[in-house]
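The next block holds one structure in the form of structure tokens; read it before the comments.
The values are calculated or read from the model by the stated rules, or taken from the named source; none is laboratory data. What you see is a predicted model; the values in this text were computed from it and never measured. Cβ: placed from backbone, ideal geometry, glycine included. Neighbour counts: every protein chain shown. Just the protein is used for accessible areas: all its heavy atoms, side chains included, with ligands, DNA and RNA removed. Shrake-Rupley method; radii C 1.70, N 1.55, O 1.52, S 1.80 Å.
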Amino acid sequence: MPPVLAAAAAAATEAAAWALRAAVWACLAASGMLVAEAAYMGLASLLAVATMWRRTGRRYRWEPMPGGGDVEVGPEAAAAEFPMVLVQIPMYNEREVYKLSISAACALTWPPDRIIIQVLDDSTDPIIKELVELECLDWANKKINIKYEVRNNRKGYKAGALKRGMEHIYAQQCDFVAIFDADFQPESDFLLKTIPFLVHNPKIALVQARWEFVNYDVCLMTRIQKMSLDYHFKVEQQSGSFVHSFFGFNGTAGVWRVSAINQSGGWKDRTTVEDMDLAVRASLKGWEFLYVGDIRVKSELPSTFQAYRHQQHRWTCGAANLFRKMAREIIANKEVSIWKKHHLLYSFFFVRRVIAPLVTFLFYCVVIPLSAMVPGVSIPVWGLVYIPTAITCMNAIRNPRSLHLMPFWILFENVMSMHRMRAALTGLLETTHANDWVVTEKVGDPAKDDLDVPLLEPLKSTECVERIYIPELLLALYLLICASYDLVLGSHKYYLYIYLQAFAYVVMGFGFVGTRTPCS
């Protein structure tokens, strides 16, 4: 090779190595932020459990409703002691679950003249709309105060439906509003357990219950989802409630004070996370939130990979987009402390909603494999081993029964990080898909419905192609090249991890996850 070309090649190699080293240390710094945040939240949540702060008289006052929850105390006592409660059930073409949610809401224990069940049906399928209306009429004939409300458009999606529902005259007479998505089934004593917190603590705007899942054991993907969501509730929600009295509303299985919603500006449809939007605005008004993990509401996890991807895009993109829209408002706010503003900007948004999806993908799926092919680039053991191990252990501590699934959880989450990174960038940059809203597909009660039945149905002509994810398969090829190079020519010995991750990308790239297999 001519000396000029050799020098140019050497310079290019050195420049690439320098750029990769910079990327390594940037990822290590971001990983350190994630570890510090996880350790902080884990310590706070453990402290909350150890001090049993949720018990009556510890931090928030709680007293049973008159008669110990016996609603048959007479109409005069009920009118004096039981506040008016609105129960909202937004739904859209929910053929599989509409009966479950409506029947559970109608079975809530509360004086009949102090509760209104409001079904907000945005269904576009006329058959499903008729079925939901007939279900509501059936309960109305049983002397249940239930209202069936429809709109002539879906403007604002769920936020638009909730906002329209609050505009009815009967809704404006209610003190509190409980919200349940169409697949959620609260126990009959849900209001008796949650409303007293709001009645006796005027600073509380929201009481959030924990989700539990009726279909968590149908496949490996749902088990992994349960691990992640259990961590979210046990650590993120509990620590936020304990330390800051703030956390993101989960959009369902919660009870709001109507005056707090109105004071905060009501429901807005500017992002796909209207629940988080309202929670942040209410927090900036000085309202407090309470998470009560002892109260659990049954729900359904997405059991197909495509449904899960749509859900994760909506959650990740919406949160990043809300950060873009509200960062200046949070900084300029003068009604809350600097500490709470710091928590909102740094912990809640920047680290968890921006850094987490970006660094998980870039570090574990791009930088580490690439470093196996570039001479002179090495990653410190503490960054390559200790940090991932620490994060895994902190998750495993709160999910001891799922310890044997942690290797699958790691691989699955690393593959999903690519999808979440794209969603986060979409929200931050507010591209054309920033407000895409796809309702999560549901299958209904697993005790009554066989989830494997769809395998017997003929596939659509495009279904095979729809279940192949080209970006994941291309990245799998990249990982295979990096792993093979490290095995044959490299010296880092990263190839075992990279091969495993490549295999995970291939499996998920062809859609071999969830309750259906592609091209059966």
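Report in % the part of the accessible area of the chain that belongs to carbon and sulfur, leaving out ligands and nucleic acids; probe 1.4 Å. Percent of accessible area from carbon and sulfur atoms in the chain: 61.
Between Ala15 and Arg401, what's the calculated FRET efficiency when r is the beta-carbon distance and R0 is 51 Å? Round to 0.05. Result of the calculation: an efficiency of 0.55. For the chain, a simple Cβ point-charge model (Lys and Arg +1, Asp and Glu -1, everything else neutral) yields a dipole of about 1620 debye relative to the Cα centre.
The C-alpha radius of gyration of segment 239-371, expressed as a fraction of 2.2 N^0.38 Å, stands at 1.16. Sorting the segments 126-134, 253-261 by their mean number of nearby beta carbons within 10 angstrom, highest to lowest, gives 253-261, 126-134.
Beyond 23 Å in Cα-Cα separation lie the following of the pairs Lys155/Lys234; Lys325/Lys442; Lys129/Lys226; Lys99/Lys158; Lys234/Lys334; Lys158/Lys340: Lys155/Lys234; Lys325/Lys442; Lys129/Lys226; Lys234/Lys334; Lys158/Lys340.
Karplus-derived 3J(HN,Hα) values for segment 158-169, using 6.51 cos²θ - 1.76 cosθ + 1.60 with θ = phi - 60°, are 5, 4, x, 5, 5, 5, 5, x, 6, 7, 5, 4 Hz; glycine and proline are entered as x. Over segment 150-210, accessible surface divided per residue gives 39 Å², non-protein components excluded, 1.4 Å probe. A Cβ-based charge dipole, computed about the Cα centre of segment 123-176 with Lys and Arg at +1 and Asp and Glu at -1, lands at about 240 debye. Using the Cβ-Cβ distance between Ser378 and Leu134 with R0 set to 60 Å, the FRET efficiency from 1/(1 + (r/R0)^6) comes to roughly 0.35. Projecting the Cα atoms of Cys219, Gln88, His313 onto the charge dipole of the chain (Cβ charges, centred on the Cα centre) puts His313 farthest toward the positive pole. With one equal scatterer per alpha carbon and no solvent term, the Debye-computed log10 I(q)/I(0) for the chain at 0.05, 0.09, 0.10 1/Å reads -0.22, -0.70, -0.85. Dipole size of segment 279-415 about its Cα centre, with +1 on Lys/Arg Cβ and -1 on Asp/Glu Cβ: approximately 460 debye, rounded to the nearest 20. Between Thr389 and Asn152, residue separation times 0.36 nm minus the direct Cα-Cα distance comes to 80.1 nm.
Helical content of the chain, expressed as a calculated mean residue ellipticity at 222 nm, amounts to -15500 deg cm²/dmol (DSSP H runs of 4 or more residues, -39,500 (n - 2.57) each, divided by residue number, nearest 500).
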